[in-house]
Amino acid sequence: MTIMLERGARQGGRSGTLPRLLAGGRRLGEHRATYGQIPLRRFTGEDGRRMLVRAITDAGLRGRGGAGFPTGRKMASVAAGAKRPVVIANGCESEPASRKDKMLMACAPHLVLDGAVLAAHAVGADRVYLCLERGTSIADRLERELAQRDDPVKIKLVRVPRRYVSSEESALVHLINDGDGRPMAAPPRPFEKGVGGRPTLVDNVETLAHVALIAAYGPDWFREVGTRADPGSTLVTIGGAVARPNVYEIAPGMRIGEVLEAAGGAVEPIGSVLVGGYFGTWVPMPDGWGLPLTHDRTGPLGTSLGAGGIVALPAESCGLAETARVVRYLAEESAQQCGPCMFGLPAIATDLAAVAYGRCDPATRQRLMRRIEQVKGRGACRHPDGATKLATSALTTFAADLETHMDGWTCTGVSRDPILPLPSRQQRDRSWK
Amino acid sequence: MTAPNAEGLRLQVDMIKCVGHASCFELLPERVKLDEWGYPIIETDPLPTNLVAHARRAVAACPTLALRVDGKVARQR
Amino acid sequence: MPDVSLWHVARATGFVSTLLFTATVLLGILGPMRVGTPGWPRFTLAGLHRNISLLAMVLLAAHVVSVAVDTYVPITWLDLFVPFVSAYHPLWMGLGTLSFDIILALLVTSLLRPRINPRFWRVLHWSAYLCWPLALVHGLGIGTDALSGWPLGLSVLCTLAVLAGVGWRVAATLARRRTPSGDARKTTLARLS
């Protein structure tokens, strides 16, 4: 069901062979047939652990959950803690524009679990918490697959409320510790003090799958694909006005245009592409066609892959209206713990909707810009940052549309069906437990 | 303009504990402004030496103990 | 020199500390109610709450010491800390002792506030709402001629004031639970300007 890219990265990236992550099997038997046993024997003892962490660091693997933080460095910090660490495998993927983690866990669950076991070994942890959104078939399937395994560390499945911010690392720690899935304030960060007050390594499930591959094939192999600063392969979810919307495994360094072509190309003229999901940026087309995709900020808008959500917006749709919808959703998904997020995001969402539907005056626009500046960075977690970043990006990229709307013209795009996916009410939880 | 304090102490806030009581704004207007919803916008650069004592007083006055004065930066704005 | 006995000291300090603790409770309610004006900012009212409570405690200390030292009534040092074991009006005395114990807990936890669990401090501080009526009833029960004339009148006034304050506080909490949004914040800002 998953379509995989046969070619590697172009300019700036090395060519190697893909697929990597999605080559293995769904069941334990197939998986072991492809990869063999978990290569723990290669990394025994304290020296072995350090070697494994160094291999991950040398490979240059970066987190695939959105932040893109170097995984080896995170592991080293957690391993250096005073108490025995804990590992959290984050498979929640509450981002509506992203399906790659669900796909990965459906297609290669054992690769993820092997990676979790290896990560636990690398940092000296005695247990792994596999966090998945509740009420999905993925959680049930993983439960069955877990039962087939016999791992040296305890792996416990945690069902997480379906709320956007519950997949944040401190929210997962909070849920495990106190049964409350809301983010917590730092300091301390989970890598210092997390589950049970112990240093906690929180890694995205795709990151852990790469850990398993690096342990098996080595850092040099990992670097055969991708760029020097952003090596390896990465999963992206391509949606919107393309012929074959799906999850793809690409190499960082590939350009937006190439990636859209791999998804079958545009089915109608594209006005812009959202890169990085709902905490990402709008890249205008066709100017941005050649922008390389990496986990670092690239290009005039500081675009980065984030968790790999990519949506191609038709030129006929209204980017401001789409953004207003998403910002309203993000405002509703606030944990309601911090004033600027709790009050600021709904106010921004309202003004953005006024702007999108042509019901505004210059004062609204001023107020919108002022509020975005005031709210940014003033929550305990990065939820308001992401929402304001999206709003700012829309106001920049769709500046011409903004002027048209300000003059009282509403574009025809507002009456088109929405392109950016949002979960229905039934797919969202109200509770934090 | 006084020089920044020697230990690099900064005034920082835990926005989850903060309920917008704004005693900090009353006690340290040099470093605290209020947004339109009554929540503090805190200048987190290192405190000038002459304001450290005032900052500590603001910390003690916060009814939810949301403020702290220390050298570690939790996050940049 | 007029004939001032320990009994006079006990009576006077007991009475005045009740008045001061009444003021303390009322000032304490103003904090979460976010009362403040440019002339009386919130940090000042909070400071008054703290300082008046400390003054009240000084008088309370004089009150309990004078009662223990006074040989006219059979109250021992133990009776100051352990409630209901006194040979002298054990019930009324016990209520006072209980109230005194709570005040000691409030004092210690507030002095150690930055160091202890914030939620524990908060829950314990609510016991002030229990402590105040205990003290008042203690005074009415054990006080000589507390149930007539101006002592009674002042006790009634203090009770009415505290009831009004607590009622206001409870009403505000219930209202805040019902409305999800920022009216409280806007009132804060209105009061500041």
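The values are calculated or read from the model by the stated rules, or taken from the named source; none is laboratory data. Everything numeric in this text was worked out from a predicted model, so none of it was measured. All Cβ positions, even for glycine, are placed from backbone atoms using ideal geometry, and neighbour counts span all protein chains on display.
Mind checking which residues of region C:23-49 are of a type outside the set (Lys, Arg), closer than 24 Å to C:LEU163 by Cβ and assigned to a loop (DSSP other than H, G, I, E, B)? Don't jump to the end; show me each part of the working.
Quick first cut of region C:23-49, residues of a type outside the set (Lys, Arg) only: C:23-33, C:35-41, C:43-49.
Okay, now just the ones that are also closer than 24 Å to C:LEU163 by Cβ, so C:23-33, C:35-36, C:40, C:45-46, C:48-49.
Within region C:23-49, C:GLY31, C:PRO32, C:MET33, C:VAL35, C:GLY36, C:TRP40 meet the criteria.
Where in region B:1-46 are there strands (runs of 3 or more DSSP E), lying fully within it, with 3 or more residues that are under 23 Å from A:ALA347 (Cβ atoms) and free of Cβ contacts under 8 Å to residues at least 60 places away in the same chain? Write out each step before concluding.
Details: elements: B:10-13, B:32-34, B:40-42.
The qualifying strands (runs of 3 or more DSSP E) are B:32-34, B:40-42.
Please give the number of the condition C:VAL67 fails out of (1) among the β-branched types (Val, Ile, Thr); (2) without any contact (Cβ under 8 Å) to a residue 60 or more places away in the chain; (3) part of a helix (DSSP H, G or I).
(2)
Looking for whichever is more than 14 Å from every other protein chain (Cβ to nearest Cβ), farther than 30 Å from A:ALA263 by Cβ, out of contact with any Phe, Trp or Tyr (no Cβ under 6 Å at 6 or more places or on another chain) and not in a loop (DSSP other than H, G, I, E, B) here; the options are A:THR350, A:THR396, A:THR392, A:THR364. Which one fits? Give the derivation first.
Values: A:THR350 fails: more than 14 Å from every other protein chain (Cβ to nearest Cβ); A:THR396 fails: farther than 30 Å from A:ALA263 by Cβ; A:THR392 fails: farther than 30 Å from A:ALA263 by Cβ.
Of the residues listed, the single one that is more than 14 Å from every other protein chain (Cβ to nearest Cβ), farther than 30 Å from A:ALA263 by Cβ, out of contact with any Phe, Trp or Tyr (no Cβ under 6 Å at 6 or more places or on another chain) and not in a loop (DSSP other than H, G, I, E, B) is A:THR364.
Restricting to region A:86-104, name every residue that is of a type outside the set (S, T, N, Q) and out of contact with any Gly (no Cβ under 6 Å at 6 or more places or on another chain). Spell out how you get there, then give the answer.
Here is the first cut: in region A:86-104, the residues of a type outside the set (S, T, N, Q) are A:86-89, A:91-93, A:95-97, A:99-104.
Scanning region A:86-104 gives A:VAL86, A:VAL87, A:ILE88, A:ALA89, A:GLY91, A:CYS92, A:GLU93, A:PRO96, A:ARG99, A:LYS102, A:MET103, A:LEU104.
Could you check region A:122-207 for strands (runs of 3 or more DSSP E) lying wholly inside it with 2 or more residues that are out of contact with any helix residue (DSSP H, G or I) (no Cβ under 8 Å at 6 or more places or on another chain) and either farther than 20 Å from B:LYS17 by Cβ or not small (Gly, Ala, Ser) (or both)? Spell out how you get there, then give the answer.
Numbers: elements: A:127-133, A:154-160, A:200-204.
In region A:122-207, A:154-160 are the strands (runs of 3 or more DSSP E) which contain 2 or more residues that are out of contact with any helix residue (DSSP H, G or I) (no Cβ under 8 Å at 6 or more places or on another chain) and either farther than 20 Å from B:LYS17 by Cβ or not small (Gly, Ala, Ser) (or both).
Checking the structure you have, find out if any residue of region A:93-106 is aliphatic (A, V, I, L, M), touching a Pro at 6+ places or on another chain (Cβ under 9 Å) and not in a helix (DSSP H, G or I).
Here is the first cut: in region A:93-106, the residues aliphatic (A, V, I, L, M) are A:97, A:103-106.
Next, from what is left, pick out any that are touching a Pro at 6+ places or on another chain (Cβ under 9 Å): A:97.
In the following step, the residues that additionally are not in a helix (DSSP H, G or I) were identified as A:97.
Yes, region A:93-106 has at least one match.
In region C:116-137, how many are among the small types (Gly, Ala, Ser) and either touching a residue at least 40 places away in the same chain (Cβ under 8 Å) or in contact with an Asp or Glu (Cβ under 9 Å, 6 or more places away or on another chain) (or both)? Break it down into steps so the answer makes sense when it comes.
Narrowing region C:116-137 to residues among the small types (Gly, Ala, Ser): C:127-128, C:135.
The next check asks that each one be either touching a residue at least 40 places away in the same chain (Cβ under 8 Å) or in contact with an Asp or Glu (Cβ under 9 Å, 6 or more places away or on another chain) (or both); those that pass are C:128, C:135.
Count: 2.
Quick check on this structure: which one of A:LEU345, A:LEU352 is among the hydrophobic types (A, V, I, L, M, F, W, C) and over 19 Å from B:ILE16 (Cα atoms)?
On the way: A:LEU345 fails: over 19 Å from B:ILE16 (Cα atoms).
After applying the criteria, what remains is A:LEU352.
Within the bounds of region A:328-344, is there any residue that is in contact (Cβ under 8 Å) with a residue 12 or more places away in the chain, more than 14 Å from every other protein chain (Cβ to nearest Cβ), charged (D, E, K, R) and under 19 Å from A:SER94 (Cβ atoms)?
Yes, region A:328-344 has at least one match.
Conditions tested, residue by residue: (1) surrounded by fewer than 16 Cβ atoms within 10 Å (Cβ to Cβ); (2) within 18 Å of the chain's Cα centre (by Cα); (3) outside any loop (DSSP other than H, G, I, E, B).
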{"residue": "C:VAL123", "(1), (2), (3)": "yes, yes, yes"}
{"residue": "C:LEU130", "(1), (2), (3)": "yes, yes, yes"}
{"residue": "C:LEU136", "(1), (2), (3)": "no, yes, yes"}
{"residue": "C:LEU154", "(1), (2), (3)": "yes, yes, yes"}
{"residue": "C:ALA161", "(1), (2), (3)": "yes, yes, yes"}
{"residue": "C:TRP168", "(1), (2), (3)": "yes, yes, yes"}
{"residue": "C:ALA171", "(1), (2), (3)": "yes, no, yes"}
{"residue": "C:LEU174", "(1), (2), (3)": "yes, no, yes"}
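Considering only residues of region C:28-43 that are closer than 18 Å to C:LEU106 by Cα and touching a residue at least 60 places away in the same chain (Cβ under 8 Å), which is nearest to the other protein chains (Cβ to nearest Cβ)?
Restricting to residues being closer than 18 Å to C:LEU106 by Cα and touching a residue at least 60 places away in the same chain (Cβ under 8 Å), the top hit is C:PRO32.
Out of all the residues in region A:351-371, which are of a type in the set (D, E, K, R), surrounded by fewer than 16 Cβ atoms within 10 Å (Cβ to Cβ) and farther than 16 Å from A:VAL414 by Cβ? Can you show your working first?
Here is the first cut: in region A:351-371, the ones of a type in the set (D, E, K, R) are A:351, A:359, A:361, A:365, A:367, A:370-371.
Pick out the ones that are also surrounded by fewer than 16 Cβ atoms within 10 Å (Cβ to Cβ) and you get A:359, A:361, A:370.
Hits for region A:351-371 are A:ASP361, A:ARG370.
From the residues in region C:87-100 that are touching an Asp or Glu at 6+ places or on another chain (Cβ under 9 Å) and among the hydroxyl-bearing types (Ser, Thr, Tyr), which one is modelled with the highest pLDDT?
Residue satisfying both the conditions and the ranking: C:THR97.
Residues A:THR34, A:THR17: which one is not in a helix (DSSP H, G or I) and not basic (Lys, Arg)? Show your work before the answer.
Numbers: A:THR34 fails: not in a helix (DSSP H, G or I).
Unique residue meeting the criteria: A:THR17.
Tell me the residue from A:LEU301, A:LEU313 that is part of a strand (DSSP E or B), of a type in the set (A, V, I, L, M, F, W, C) and more than 14 Å from chain B (Cβ to nearest Cβ), please.
Details: A:LEU301 fails: part of a strand (DSSP E or B).
The match here is A:LEU313.
What's the number of the only condition in (1) under 23 Å from the mean Cα position of the chain (by Cα); (2) farther than 26 Å from A:VAL247 by Cα; (3) crowded, with 24+ Cβ neighbours inside 10 Å that A:ILE348 fails to meet?
Unmet condition: (1).
Among the residues in region B:7-26, are any facing chain A (nearest Cβ under 9 Å), more than 17 Å from A:PRO384 (Cα to Cα) and in contact with a Gly (Cβ under 7 Å, 6 or more places away or on another chain)?
yes
Please go through region B:28-44 and give me each residue that is within 14 Å of chain A (Cβ to nearest Cβ) and farther than 10 Å from B:GLN12 by Cβ, ordered by number.
Initial filter on region B:28-44 (within 14 Å of chain A (Cβ to nearest Cβ)): B:32-44.
Across region B:28-44, the qualifying residues are B:VAL32, B:LYS33, B:LEU34, B:ASP35, B:GLU36, B:TRP37, B:GLY38, B:TYR39, B:PRO40, B:ILE41, B:GLU43.
Results for (1) modelled with pLDDT of 95 or more; (2) loosely packed, with under 15 Cβ neighbours inside 10 Å; (3) in contact with a strand residue (DSSP E or B) (Cβ under 7 Å, 6 or more places away or on another chain), shown as yes or no for each residue.
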| site | (1), (2), (3) |
| --- | --- |
| C:ARG34 | no, no, no |
| C:PHE43 | no, no, no |
| C:MET57 | yes, no, no |
| C:ALA62 | yes, no, no |
| C:VAL69 | no, yes, no |
| C:PRO74 | no, yes, no |
| C:PHE81 | no, yes, no |
| C:VAL85 | no, yes, no |
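Being part of a loop (DSSP other than H, G, I, E, B), of a type in the set (Ser, Thr, Tyr), over 21 Å from C:LEU124 (Cβ atoms) and in contact (Cβ under 8 Å) with a residue 40 or more places away in the chain narrows it down to one of C:TYR88, C:TYR72, so name that one.
Numbers: C:TYR88 fails: in contact (Cβ under 8 Å) with a residue 40 or more places away in the chain.
Matching residue, one of C:TYR88, C:TYR72: C:TYR72.
What are the residues in region C:138-152 that are in a helix (DSSP H, G or I) and in contact (Cβ under 8 Å) with a residue 60 or more places away in the chain, if any?
As a first pass, look at region C:138-152 and keep what is in a helix (DSSP H, G or I): C:138-142, C:149-152.
Hits for region C:138-152 are C:GLY139, C:PRO151.
Which is at the interface with another protein chain (Cβ under 10 Å from one of its Cβ atoms), without any contact (Cβ under 8 Å) to a residue 12 or more places away in the chain and under 22 Å from C:LEU111 (Cβ atoms), of B:ALA60, B:ALA53?
Details: B:ALA53 fails: at the interface with another protein chain (Cβ under 10 Å from one of its Cβ atoms).
Exactly one of B:ALA60, B:ALA53 is at the interface with another protein chain (Cβ under 10 Å from one of its Cβ atoms), without any contact (Cβ under 8 Å) to a residue 12 or more places away in the chain and under 22 Å from C:LEU111 (Cβ atoms), namely B:ALA60.
Being within 26 Å of A:TYR129 (Cβ to Cβ), in a strand (DSSP E or B) and of a type outside the set (A, V, I, L, M) is the filter here, so list the residues in region A:208-248 that pass it.
The answer is A:THR234, A:THR237.
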